[in-house]
Structure formats: structure tokens, C-alpha cells
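Undergrad: Pasting a structure here, questions to come.
The values are calculated or read from the model by the stated rules, or taken from the named source; none is laboratory data. Keep in mind it's a predicted model, so treat the numbers as computed, not measured. A quick note on method: Cβ atoms are made from the backbone with ideal geometry, for glycine too, and the neighbour counts reach across all protein chains shown. Heads up: the accessible areas ignore ligands, DNA and RNA and are worked out on the full protein's heavy atoms, side chains in. Shrake-Rupley method; radii C 1.70, N 1.55, O 1.52, S 1.80 Å.
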Amino acid sequence: PCLAPWMRRVVAAAAALCWATAMALSTGGGAGGAPITDADGLRATISAALAAHQQGNLREALDLYSRVLPSVAGKGGAELHNNAAACCLSLGEVSRAVELWEASVKLQPDYAQGHLNLAIALSEMPEMAEQAMQSCQAALRLQPDNHKAVHVLANLVQNEGNHAEAARLFLLANRLAAPAAAGASGAPADAAALKPPASQRLLASLPLHTPSPLALPDGSEVTVVVVSRRPLVAHVRGLLTPRECEAVLDAARDTGLSESHVMGGGGAGAREAGWRSSSQAWVRYEASGELRALRGKAAAVVGVDEAEAVQGEDLQVVRYGPGGEFRLHHDSSAFHPRRATLLYYLSDVEGNSGGTWFPFAEVEPSAHAPATVQDAIEEGLRRLGDGAAPAAGYTCRPRQGDALLFFNHLDDGTLDPLAVHAGLPVEAGLKLVANSWF
């Protein structure tokens, strides 16, 4: 499975380019083409490229970056090549992204971020797995404590089938990502930067189990029902039309489904023990106008602007067959914080199975509530017991077109351990879902 879709935030982070290095001008130090040698023109073009990139206008940004690349050398040139490559990757132009990252690290051989991003892009090409590993290791030689590089290496090792070593690296990445001050709280290293989406406080103010209307960008309206205060969970009825569900599934079929993994969770034996049994595909929103419209709809529901949504992760489509499940887990971590999850149900499920279960929803939090994700998982498993149906918490039954919106962090940015949840076993037929993360 490719790594780049869930790592887009690592790549996109380079969009905040430092002016001091960006203006390290040089003649003949670029990658060829007709350079802009006028300093004022170069400054204006770089400024316009950065603005377009930050606003999510990737094609415009890429065109502007391409005009200045031949004229900027050194660290500034490396970072501009990095930004242009990030645009290419988001637009699905993987080969061009690789070329630009190769040029980036050639300009600045000690540019660890460039080596890491090159590894991510190379991982999209199965035949380039060895080169991806080499680029990732180059990043780690420069920055041994780079938790993002360790996590990418863990996924590359997992793809090779070495699950025990992958589990060790996942744990190391999370230890490196979490500051010592976080302690048992589970707060990500950048918790203070995790501003809550606009919908988080709005939904927290709505009455429980009461339908409320929500207007969408296309002028339509859906119904939202808050079903739990902590974790904060809302059931969105009729978010997708049958045609939109089919468009997502068509895109997943075109991409191809591969075995799902547990990234950094479940322990070394999680895969063998059946912690997650499903197949998945990563779908780019840029693949079609319908998917781009879906991204806009999701952004409106979650309460983020379109530019932020463009910089986010690709859409994950998951297929569960009979017996398929995803045991208790959390969607966020110190390494890869995800403030909110929007889970779409793309199909009905036969019988009364395949629901999404939150063991701590609709349960009054107490002083003895689990303080860590691991504690929450263990307590949730105890509550589940040996029965197929949980006796406590909230379970949402899949219904085509509906969605669940839930928040993995509290509004102060700290991880909410009570947001652990599970995809319960499918008894018969198929369960088709998709995830958007913000």
C-alpha cells in the first residue's frame, strides 16, 4: 500500500517557506528553463506562488513555482522545489514530484525534509520500494530523532512483511513525537496548534438526540443529531446521495483495493490476530468533479475552509466482507494528530451487524475514566466481553448515505481517550465505508 495519501500533511507542511532562504538568489543555479532574474519580479512571483499554495490552488501554484525554480539556488531553491513537488503529488503527478524532490536534495544534500518527502513519493511506486527505503534512511541519518521519518520507515518495513520490527518503529515514532511533558494525557506534541473545527463547539451546544438542520454549500440541507457529548459524536443523516456513494466506490475500484493495516496500533501481533480485517483504497479528491464537491461538503460539515481541506489527507475507502471488523482503536496519535473523523456509510449492511461502536458514548464520564488510549481500549474490551453485541455505549448502524462525525481531541487540543471506537463484525454481505480526516 502506498504511504503518501495519509502523509500529505508531512509534505504540505513545507508550504510555509522562509523568506530569508527563498530570496537566496543565484544565476545559473536552477533546474533549467527561462529564469526570472529580476529581483522584484522573482519576489512577486514567489509571493503569488505561496499564496496560491496556501489557498489550495495547486495548479496555479505549481505554474508559478516552475517560473522561479531556475533562479533560486541553495536552501531556498531546495525548499521551492519541495513546494512544487508537494503540489505535483497532490495533483497525482507522482513522477514529476519525484523529479522535483530529487532536484531538491541535489541542491541541498543535507535537506532532511526533502529526503523524507522523496521517500513518501517513491513509496507510491511499488517498483521503487528499495529507493524509498534509502531516501528515508538518508533523512534519518540527518535527523535521527525525526519521528515522521521513523513512522514512514515503519510503514515501509510493514509493507515488506516485517510486522514485529514495524511495531517497534511505530512505538519509537510515537515516543519521539510526544513531549515528556505530555505524560499520560496523550496530548500530541503540537496540541496547542490543534484549533478545534468550527463545528466542535457548535455541536457541543446542541441538545442531545434532537434533530437539527445543517445547510450545505450546494443549497441542500441535512439533519444532524448529537448522540454523545464526550466523546462528541454526531449522526449526519442523508449526507451523501446514492450517486455520490457510487462515485466514491467507482474511484476506489479504479485505484485498486489492498489489505488494510493497523498503523501504529494493536501491537506486533495485531495483523495476525485479526485486529483489522478489511481491504482499502486511497482516493484523490482531484480524481473527479464529484469527489471535489464531496470534499467541499465534508469541509462544510466539519467546519473548516476549503483551502484547509485541500491540504488534508486523501479519502480512505474500506471494504469489509463477512467476518470483517476493526477492533477498538483511536484515529489520532501524537505522531499523526487528526482532530475530527467524518465516516461515510456507502452501503447498507445485512442484518443487525457491522455497526460503529463507541464504548464510552452516552456514559457519564467519571473520575475513574480511562486516562490513556490504551486504558480506554482495555476497558472497552472488558465491556464488550464475549458477546457479539456491546451492552453499553452507542452503536451506529450503517445506512447508505449517512455519516458519523466525531472528534478525537478535546477543544483544548488534547487527545480524548474516550473517542476509541470499533467497527463491529459483519455477519453477512458487505460493509462499504469511507473516511475523511481533518
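Undergrad: From the list Ala132, Ala182, Ala139, exactly one residue is open to solvent by less than 20 Å² (accessible area, probe 1.4 Å), out of contact with any Ser or Thr (no Cβ under 8 Å at 6 or more places or on another chain), at pLDDT 90 or above and not charged (D, E, K, R). Which is it?
TA: Ala139
Undergrad: Those residues that are under 11 Å from Ser212 (Cα atoms) and open to solvent by less than 20 Å² (accessible area, probe 1.4 Å), I need them from segment 223-250; list them, please.
TA: Of everything in segment 223-250, those that are under 11 Å from Ser212 (Cα atoms) and open to solvent by less than 20 Å² (accessible area, probe 1.4 Å) turn out to be Val224, Val225, Val226, Ala234, Val236.
Undergrad: For segment 142-162, which positions are open to solvent by 30 Å² or more (accessible area, probe 1.4 Å) and either without any contact (Cβ under 8 Å) to a residue 12 or more places away in the chain or over 24 Å from Asn83 (Cβ atoms) (or both)?
TA: Listed by number, the residues that qualify are Pro144, Asp145, Asn159, Glu160, Gly161, Asn162.
Undergrad: With a cut-off of at least 1 residues that are modelled with pLDDT under 90, of a type outside the set (Asp, Glu) and within 21 Å of the chain's Cα centre (by Cα), name the strands (runs of 3 or more DSSP E) lying wholly within segment 320-438.
TA: Counting at least 1 such residues, we get 326-329.
Undergrad: Among all residue pairs at least 6 apart or on different chains, which show Cβ distances below 6 Å where the first residue, located in segment 68-93, is open to solvent by 10 Å² or more (accessible area, probe 1.4 Å) and the second is among the basic types (Lys, Arg) and not in a helix (DSSP H, G or I)?
TA: Gly92/Arg284
Per-residue answers, yes or no, for (1) in contact with an Asp or Glu (Cβ under 9 Å, 6 or more places away or on another chain); (2) open to solvent by less than 20 Å² (accessible area, probe 1.4 Å):
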residue	(1), (2)
Ala299	yes, yes
Gly312	no, yes
Leu315	no, yes
Arg319	no, no
Arg327	no, no
His330	yes, no
Ser333	no, no
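Undergrad: Something else now. For segment 328-356, what are the residues that are out of contact with any helix residue (DSSP H, G or I) (no Cβ under 8 Å at 6 or more places or on another chain) and closer than 24 Å to Leu384 by Cα?
TA: Thr341, Leu343, Tyr345, Asp348, Val349, Glu350, Gly351, Asn352, Ser353, Gly354, Gly355, Thr356
Undergrad: Please count how many residues of segment 73-125 are part of a loop (DSSP other than H, G, I, E, B) and either over 21 Å from Gly256 (Cα atoms) or hydrophobic (A, V, I, L, M, F, W, C) (or both).
TA: Total satisfying the criteria: 7.
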